[in-house]
Amino acid sequence: MLVIGSDHGGYELKSAILKMLSDRGIDCTDFGTDGPASVDYPDFAAKVAGSVSSGEANRGILICGTGIGMSISANKFAGVRAALVHDEFTAQMAKEHNNANILVLGGRVLSIEKGIRFVEVWLDTEFEGGRHQNRLDKISAVEQ
Ligand code: RB5
C-alpha cells in the first residue's frame, strides 16, 4: 500500500498526485492535510513514516514547502529511507541506488507537472540491489 501526506505547503501538489495515482489505479491512503490551512509538517511525516516503518505500508510520499522538514522528520523512523528529490535523475537514483521507501517533494519549489513526473519516475524505477544493498545494510546497522 502507498501512503501520502503533506502540510499546507504541499497540499496543492498532493491533490494533483492523488489524481495521477487514481488514474493509474494505484491504491493509496491519504493522511492529509485536507486543505490550505497552516498545519505542522512533523504531524503528517509521523503518520506516513510511522505507517512505512511499521510495515503497514510499503511506500509513501511526503510533501511540504521545501521537502526539507518532511525528510528530516521521516528519516527519524526506523527502516525509513526518505529521499528529497529535485529532478528526474535524483528521483530515479532514489529508487535505483537508495531504494527510497518514501519520496519527498517540495511543493513550493516544483511545478505540479514536475512533481507528478518525479513520482512517476520513482514508481517506475527498480532497485538495483547488489552493492547498493550492502550500503543500505550499513545504514540499517546504525539503527540497531
Ligand atoms: C511551512 O511554512 C514550511 O516551513 C514547511 O512547509 C516546510 O517547507 C518545512 O520544511
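Read-outs: derived from the displayed coordinates by stated rules, not from any lab. Predicted, not measured: the structure shown is a model, and the values here were computed from it. All Cβ positions, glycine included, derive from the backbone under ideal geometry; neighbour counts span all protein chains shown.
Observations on the model:
- Signed unit charges on C-beta, dipole axis of the chain, positive-most listed residue F127, L105, G9: F127
- Residue-averaged [θ]222 nm for the chain, counting only DSSP H segments that reach four residues, each worth -39500 (n - 2.57): -14500 deg cm²/dmol
- Under 14 Å, Cβ to Cβ, from N75 - net charge with Lys/Arg +1 and Asp/Glu -1: +1
- For segment 7-144, a simple Cβ point-charge model (Lys and Arg +1, Asp and Glu -1, everything else neutral) yields a dipole of about 300 debye relative to the Cα centre.
- Residues whose amide H lies under 5 Å from that of G60, counting only those 5 or more places away or on a different chain, are V3, I102, L103; hydrogens are built 1.01 Å from N in the peptide plane.
- Net charge of neighbours whose Cβ lies under 11 Å from the Cβ of A100, counting Lys and Arg as +1 and Asp and Glu as -1: +2
- Highest mean packing first, where packing is the average number of other Cβ atoms within 10 Å per residue, the peptides 98-108, 37-47, 15-25 line up as 98-108, 37-47, 15-25.
- Förster radius 30 Å - calculated FRET efficiency between D27 and R131 (Cβ-Cβ, nearest 0.05): 0.40
- Once Rg and the Kirkwood radius are both taken over the C-alpha atoms of segment 23-68, their ratio Rg/Rh works out to 0.98.
- Other residues whose C-beta falls under 13 angstrom from the C-beta of Y41 contribute a net charge of +1, scoring Lys and Arg +1 and Asp and Glu -1.
- Computed from backbone phi, the HN-Hα couplings of segment 88-105 come to 5, 5, 5, 5, 5, 5, 4, 8, 4, 9, 9, 6, 4, 9, 9, 9, 10, 10 Hz, rounded to whole numbers (Karplus: 6.51 cos²θ - 1.76 cosθ + 1.60, θ = phi - 60°; Gly and Pro given as x).
- 25 °C / 0.890 mPa s Stokes-Einstein diffusion coefficient of the chain, Kirkwood radius on C-alpha pairs, µm²/s: 166 µm²/s
- Cα-based radius of gyration for segment 50-128, normalised by 2.2 N^0.38 Å, reads 1.00.
- If only the Cβ of Lys and Arg carry +1 and only the Cβ of Asp and Glu carry -1, the dipole of segment 66-120 around its Cα centre is close to 220 debye.
- Dimensions of segment 1-48 based on its C-alpha atoms, expressed as ranges along the principal axes with the largest first, amount to 30, 19, 11 Å.
- Euclidean distance between Cα centres, segment 110-125 to segment 43-67, Å: 17 Å
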